Amino acid sequence: MAVTTGKIDRKYMAHFLDAGSLCGGKTPSYERLGKDLEEYNIELNPDTETSKNIIGESTFKHNGYEVSSEADPYYAEADSTLSQKLQEIIDNRYKDDNLKTTAVEVHLWKEASSGAYEAYAEDCYIVPTSYGGDTSGYQIPFTVNYAGNRRKGTYNVTSGTFSESATQDLKNNDKAVLS
């Protein structure tokens, strides 16, 4: 559905995670975030510096971004691949590349072409921050740490697939390093 005027409803900015590739998996399987989330923000966390030299001139330096987001609360569901992979990470205390996958943001407010919407994929690391919860259900909140390599393409909501564009027009496609 293309939104041509006015405010864009939040539901039209969709966020998907490739749960199938977590923990060394080989088959992509994207799951949309948001079912239990009242809010989900991508924090850019810009690294900037402003300084003034001895003759009174100001300089500004932008060193890039440390992009991350929080999925909290996240209620585990028995039939969810993402829930199963998060539990595997917790059970085995996985780290490093076992946490690596792809995040895709989809602009559902733009015109679709054959069921595919403008989208951006980026490498990321999924890190559970705790597990447990109260009587409302078993919770596994997690942080998404974006690692760069942002790519423009399309996401087909019916098939659940991301297709990278042939040409990349993204500026500053830096690769972040996870330490």
Filter the trypsin sites (Lys or Arg not before Pro) in the stretch 1-84 down to the DSSP loop ones having no more than 12 other Cβ atoms within 10 Å, then list what survives. K7, K26, K35
Would you calculate, for the chain, the mean residue ellipticity at 222 nm contributed by helices, counting each DSSP H stretch of 4 or more residues as -39,500 (n - 2.57) and dividing by all residues, to the nearest 500? -2000 deg cm²/dmol
Footprinting exposure proxy for Y94, Y30 (fewest neighbouring C-beta atoms within 10 Å first): Y94, Y30
For the stretch 1-84, what's the radius of gyration and Dmax over Cα atoms, in angstrom? 19.7, 64
How big is the dipole moment of the stretch 72-141 about its Cα centre under a simple scheme where the beta carbon of each Lys and Arg is +1, that of each Asp and Glu is -1, and everything else is neutral? Debye, nearest 20, please. 120 debye
Summarise the long-distance tail of P(r) for the stretch 66-118 by giving the % of C-alpha pairs beyond 19 Å. 50 percent
Sequence of I42, I55, I90 once ranked by neighbouring C-beta atoms within 10 Å, starting from the fewest: I55, I90, I42
Taking the stretch 82-175, how much of its Cα-Cα pair set, in percent, is spaced more than 23 angstrom apart? 40 percent
For labels at N45 and N92 in the simple 7 Å Cα→Cβ model, what's the distance in nm? 2.5 nm
Give me the one-decimal nm value for the distance between modelled label points at T161 and A2, 7 Å along each residue's Cα-to-Cβ direction. 2.5 nm
Ratio for the chain, C-alpha Rg to 2.2 N^0.38 Å, reads 1.16
Quick one: net charge of T59's neighbours, Cβ under 13 Å, K/R +1, D/E -1? 0
If the chain between E66 and E38 were fully stretched, how many nm would it gain, using 0.36 nm times the residue separation less the Cα-Cα distance? 7.7 nm
Any idea what angle helix 81-92 forms with the longest principal axis of the chain, computed on alpha-carbon atoms, 0 to 90 degrees, nearest 10? 90 degrees
For the stretch 117-160 (alpha-carbon point model, no solvent) the Debye-based log₁₀ I(q)/I(0) at q = 0.17, 0.28 Å⁻¹ works out to -0.69, -0.92
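Here, each number is a calculation from the coordinates, and none is a lab measurement. Bear in mind the structure is a predicted one, so any value in this text is a computation, not a measurement. Note that each Cβ is placed from the backbone with ideal geometry, even for glycine, and that neighbours are counted across all protein chains shown.
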